[in-house]
1. Could you list all residues from the stretch A:159-175 that are in contact (Cβ under 8 Å) with a residue 24 or more places away in the chain, of a type in the set (D, E, K, R) and surrounded by fewer than 22 Cβ atoms within 10 Å (Cβ to Cβ)?
2. Which of the residues spanning the stretch B:381-397 are surrounded by fewer than 20 Cβ atoms within 10 Å (Cβ to Cβ) and either touching a residue at least 24 places away in the same chain (Cβ under 8 Å) or not in a strand (DSSP E or B) (or both)?
3. Give me the residue from the stretch A:352-369 that is touching a strand residue (DSSP E or B) at 6+ places or on another chain (Cβ under 7 Å) and not in a loop (DSSP other than H, G, I, E, B) and, out of that set, surrounded by the fewest Cβ atoms within 10 Å (Cβ to Cβ).
4. Does any residue of the stretch A:334-341 turn out to be of a type outside the set (D, E) and in a helix (DSSP H, G or I)?
5. Could you run through the stretch B:385-407 and say how many residues are touching an Asp or Glu at 6+ places or on another chain (Cβ under 6 Å) and of a type in the set (S, T, Y)?
6. Where residues in the stretch B:398-419 are assigned to a helix (DSSP H, G or I) and under 40 Å from the mean Cα position of the chain (by Cα), which of them is surrounded by the most Cβ atoms within 10 Å (Cβ to Cβ)?
7. Surrounded by 24 or more Cβ atoms within 10 Å (Cβ to Cβ) and touching a Gly at 6+ places or on another chain (Cβ under 6 Å), is that true of B:L286?
8. (1) modelled with pLDDT under 95; (2) facing chain A (nearest Cβ under 7 Å); (3) part of a loop (DSSP other than H, G, I, E, B); (4) under 22 Å from the mean Cα position of the chain (by Cα): which one isn't true of B:R5, the others all being true?
2 protein chains.
Amino acid sequence: MQTARGVRDIPPEEKILKNQVVDTLKEVFKLYGFPPLETPTIERLETLSAKGGAGEESDALKETFKFQDQGKRKLALRFDLTVPLARFVTMNPNLKMPFKRYEMGSVFRDGPIKLGRTREFWQCDIDTVGTNSMLADAEVIAVISEGFNRLGLDVVIKVNNRKILTGILEQAGIKEKENAIIAIDKLDKIGKEGVCKELNERGYNKKQISAVFDIIDGKVTLTGLKTKVKNELGIQGMTELGELMNYLKRMKVQVKFDVSLARGLAYYTGTVFEVFLKKGEVTSSLAGGGRYDDMVGNFMGGGRVIPAVGGSFGIVPIMAALKKTVQRMSTKVFVLPINATEESLDVVQQLRTAGIPTSFALGKKGVSKNLEYANYLGIPFVIIIGENELQKKKVLFRDMITGTEQLLSLKDVVKKLRA
Amino acid sequence: MQTARGVRDIPPEEKILKNQVVDTLKEVFKLYGFPPLETPTIERLETLSAKGGAGEESDALKETFKFQDQGKRKLALRFDLTVPLARFVTMNPNLKMPFKRYEMGSVFRDGPIKLGRTREFWQCDIDTVGTNSMLADAEVIAVISEGFNRLGLDVVIKVNNRKILTGILEQAGIKEKENAIIAIDKLDKIGKEGVCKELNERGYNKKQISAVFDIIDGKVTLTGLKTKVKNELGIQGMTELGELMNYLKRMKVQVKFDVSLARGLAYYTGTVFEVFLKKGEVTSSLAGGGRYDDMVGNFMGGGRVIPAVGGSFGIVPIMAALKKTVQRMSTKVFVLPINATEESLDVVQQLRTAGIPTSFALGKKGVSKNLEYANYLGIPFVIIIGENELQKKKVLFRDMITGTEQLLSLKDVVKKLRA
């Protein structure tokens, strides 16, 4: 009896952490006025293959789990939460714009199995649809920033604007930009030499490559770029980014401009951002996003333009970054009666009424077996109730870490457990 | 562009309510020492069709969405959370018993579409695996009771024990019990006459039917039954139920014995319970569950016996019962600048820092359009910031319900919004 290939269970000790992450983020979304939306796990295959979404030829669609219902209708499991959002907006023409929402849930990719990559994984997205104002971009990035603040993770948020990079490439005489962007995006990882080599391998010539690095070499600031970028699209990108930076400063959100940041997804059209841990073992990005002004409109068809901006938290890398700091079990105390089952139920319910997460001995095991069980569950305290305790109207309170025991009134136990 | 047949979106105003229900229940589960578990949406088809689970011939399996991965492995979408629990327990032989957990998430049935029934719906289950102690049954029912307390729903929890009903049927000379149980389970809905008619139609003879009603007619109490039930299994059921009732009384949980209560699922072996609203439009059950001592062991094979007891909250009927009492939007205030975009960002972030869910004008719409937007979102207050307000270092605070406006300091606004 096994799980399906490429998926996994999230056992309690891990799911508690996941819930903490998710609840923290939900609180931030609420504070920033992003209400929740829940779309189904199942979508029509035609929705997921619509142009503007993944498109018929995309990798995501190739890796989509496809099936039929009893009526032979073609269905599929969603591969992200953005296409369902576009579908929701399309189906609800009376929505007033801007439409803000967050959604979190499982998405599915029937792809190759690698370390840390599963065929079913959670996404956690916030998006604002229907405005091209940089205020919306600033707000999304502010949510991301506040999310990591509250999670207690020290991160750097790198931002860029796709138009700047595209403009620079145009200025350097490069027509086929997608491949160049993929290479330049690796600047932080593989350095200038690495990028030059890759650009060369991807068929760009020396003149083009040196023209690019004339502009983006060294420590590139937005002010510095202004003297170098002459291309119209590039200038527009810098204006947008300047406006965004201004709003973020006002909102007290720290970000770092990175001219090489592109993000893989082809559908980004303006602002892009990506979040990394400042220090620590997790080097992959913890969150990312950007502006995608074409996708929703393309999806709806009819020449509609529906600008949008969004961000996505990577729950798995965030959990990896937090892993060591969280408690295994939320239960605070385990009640263990010795020939006092019914009386112990009074104690159990009083503890719960006082708001203290409590478990108790359900079986007929002996004291040592039950202590072993409480220890295995990682419950930090045990209350033992036997004849002696009942007579004295007290309980024996055992600290499972130090092993010390005290005879206490229940009131004092509650005080201790609340402290 | 449409949703797949039989599934639906949960729009923000509904999802906010769902989150409130779910968060309330999570809090109770934590208090009662049930940690969370998350199993995948996708399972192997062989797992879902294993004997002891749904079994190859069950309705649930017939209605299972089936598909394959790229490696032609047979997969399926889970139709409940109990089979995945059994699979999890089987895959983790080192789990110490009893194993308590809750799980909530989407399950899927490719069945006929009826009102209030969708092909993808949430289940919310708590279960205790690995003990036959009635303490576990009592704890599960206590969780259910506390859940409805906290949701503010006035419910009756009906309890019974399958062994009692089975024993009574045996005593009445009935061999084929499943059909009889299905009919008797309707006693509350269709009355004695209706049940007699149905039993007759299902092929039970007059003598059998009157023998049953000799025992269960009128207001049946557990004490009253003791003089009538002679069958060994029935007596065992009454002993178990007596023990359960005793524990529940001690835990201050009110329940009502109902000898006709059976619950549809064939796999229940002892305790069964079902929760109904005392008054109100929602007449379907809001929660239910019971003891299933055979299923997990059968599932594991090898003649293992793994007793288990669990309960399930019906999120959809609970939301229907609560519907009218909940707010549409959690956002408390909408900030609307007039030529004061940047200054308004200070106000927005200060409100959020003070813990007040805040949205603001993202586009370049005029004042009346923005007020309309805030009203449409159901946000109860709007803060207007223009030249006048900036000069006076105050904001214009508008109550969207009464339409009244006051010039206030931000500090006073925070006080008001927190009140």
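1. Answer for the stretch A:159-175, where residues must be in contact (Cβ under 8 Å) with a residue 24 or more places away in the chain, of a type in the set (D, E, K, R) and surrounded by fewer than 22 Cβ atoms within 10 Å (Cβ to Cβ): just A:E170.
2. B:G386, B:E387, B:N388, B:L390, B:Q391, B:K392, B:K393, B:K394 - these are the residues of the stretch B:381-397 that are surrounded by fewer than 20 Cβ atoms within 10 Å (Cβ to Cβ) and either touching a residue at least 24 places away in the same chain (Cβ under 8 Å) or not in a strand (DSSP E or B) (or both).
3. Per the criteria, the residue is A:V367.
4. Pass one, the stretch A:334-341, residues of a type outside the set (D, E): A:334-341.
Within this subset, residues satisfying the condition of being in a helix (DSSP H, G or I) are A:341.
Within the stretch A:334-341, one or more residues are of a type outside the set (D, E) and in a helix (DSSP H, G or I).
5. The number of residues fulfilling the criteria is 0.
6. Just the residues of the stretch B:398-419 that are assigned to a helix (DSSP H, G or I), to begin with: B:410-418.
Filter once more, keeping what is under 40 Å from the mean Cα position of the chain (by Cα): B:413-418.
Details: B:V413: 23, B:V414: 18, B:K415: 12, B:K416: 15, B:L417: 19, B:R418: 10.
Here the answer is B:V413.
7. On the way: surrounded by 24 or more Cβ atoms within 10 Å (Cβ to Cβ): yes; touching a Gly at 6+ places or on another chain (Cβ under 6 Å): yes.
Yes: the conditions hold for B:L286.
8. Unmet condition: (4).
The values are calculated or read from the model by the stated rules, or taken from the named source; none is laboratory data. The model shown is predicted, which means the values in this text are computed figures rather than measured ones. As a convention, Cβ positions derive from the backbone with ideal geometry for all residues, glycine included, and neighbour counts pool all protein chains shown.
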